[in-house]
Amino acid sequence: DQQVKQNSPSLSVQEGRISILNCDYTNSMFDYFLWYKKYPAEGPTFLISISSIKDKNEDGRFTVFLNKSAKHLSLHIVPSQPGDSAVYFCAARISGGYQKVTFGTGTKLQVIP
Amino acid sequence: DVKVTQSSRYLVKRTGEKVFLECVQDMDHENMFWYRQDPGLGLRLIYFSYDVKMKEKGDIPEGYSVSREKKERFSLILESASTNQTSMYLCASSLAASGRIEQFFGPGTRLTVL
C-alpha cells in the first residue's frame, strides 16, 4: 500500500523555466512533509520541508505547497538550473511516529540547458 | 561537516552468505535508519533505531536484522543473503528533537547477491 505517491517517474524542463514536482498522499495522519534530492551514486540530501499547519514554505529557488484537502503537495523550482537534474523524493511523517518517514517512489528531473 | 559513512560502496556476495553492512554517523544523532532503494519502489524502510540497543521494524524487515551497540554505529545484517536482496542500501540518521526531522544519508552500498 503506497501511502505516498509520485505519479510522474520523470520530468524534463528547459533551463530557466519552472519545474513542478508533484506528490500525493493517502494518510491524513501525516503531519510533516519533506523533499529530498538524490544524485546518482550519492545518498539523498534534504531540500525543504513543510508542516501540515502551513500551506507554503519557501527557501530560495525552492517552494513547497501543501493542499491538505486534496492530500497533495508540490515542489516548485524557479528558475530551473542544469544542476537541479536529479531524482526528487517526497516523504511524509505520521504524527507521533518518532522520526520515521514514508518515501515516495521518486521523480527524475532533467533540466535541459 | 556532518557525515554518515557506510563501510562499502560496492559489495558482491553469494547466495546464503551472511552479510554485514556498517553505518557510522558523527553527528551524535539518536535515530538511525536502514533503507533499500529499488527502481520504481523508492526508498523502503527496513529497520530503525531510536536509541542504543533499541530497534523497530520498518516496512520490509523480513530477511534482515540490525544491531546498535553504540550510538554512532548501526549495522544491518543479512542472515542468509538471497538474490532478491540485491539492491542499493542507504543508512540515515536524525536528531530526536521533533522540530527537526530531516534525515542525513550516507552514500549507499550497492549490494549484488549472486
Across (1) open to solvent by 20 Å² or more (accessible area, probe 1.4 Å); (2) aliphatic (A, V, I, L, M); (3) touching a helix residue (DSSP H, G or I) at 6+ places or on another chain (Cβ under 7 Å), residue B:78 clears everything bar (1)
Search result, residues across the range A:94-113 that are open to solvent by less than 40 Å² (accessible area, probe 1.4 Å), under 18 Å from residue A:23 (Cβ atoms) and in a strand (DSSP E or B)
A:101, A:102, A:103, A:107, A:109
Can you tell me how many residues within the range A:77-93 are open to solvent by 10 Å² or more (accessible area, probe 1.4 Å) and within 11 Å of chain B (Cβ to nearest Cβ)?
2
Among what's in the range A:50-68 and is at pLDDT below 95 and among the small types (Gly, Ala, Ser), pick the residue that is surrounded by the most Cβ atoms within 10 Å (Cβ to Cβ).
A:52
Counting only residues that are open to solvent by 50 Å² or more (accessible area, probe 1.4 Å) and touching a residue at least 60 places away in the same chain (Cβ under 8 Å), the range B:97-114 contains a total of 3
Of (1) more than 11 Å from every other protein chain (Cβ to nearest Cβ); (2) in contact with a strand residue (DSSP E or B) (Cβ under 7 Å, 6 or more places away or on another chain), residue B:89 satisfies all except one. Which?
(1)
In the range A:40-59, which residues are more than 17 Å from residue B:106 (Cβ to Cβ), assigned to a loop (DSSP other than H, G, I, E, B) and out of contact with any Lys or Arg (no Cβ under 9 Å at 6 or more places or on another chain)?
A:53, A:54
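The values are calculated or read from the model by the stated rules, or taken from the named source; none is laboratory data. Just so you know, these numbers come straight off a predicted model, no measurement behind them. Glycine gets a Cβ as well: all are built from the backbone with ideal geometry, and neighbour counts include every protein chain shown. Note: areas computed on protein heavy atoms with side chains; ligands, DNA, RNA excluded. Shrake-Rupley method; radii C 1.70, N 1.55, O 1.52, S 1.80 Å.
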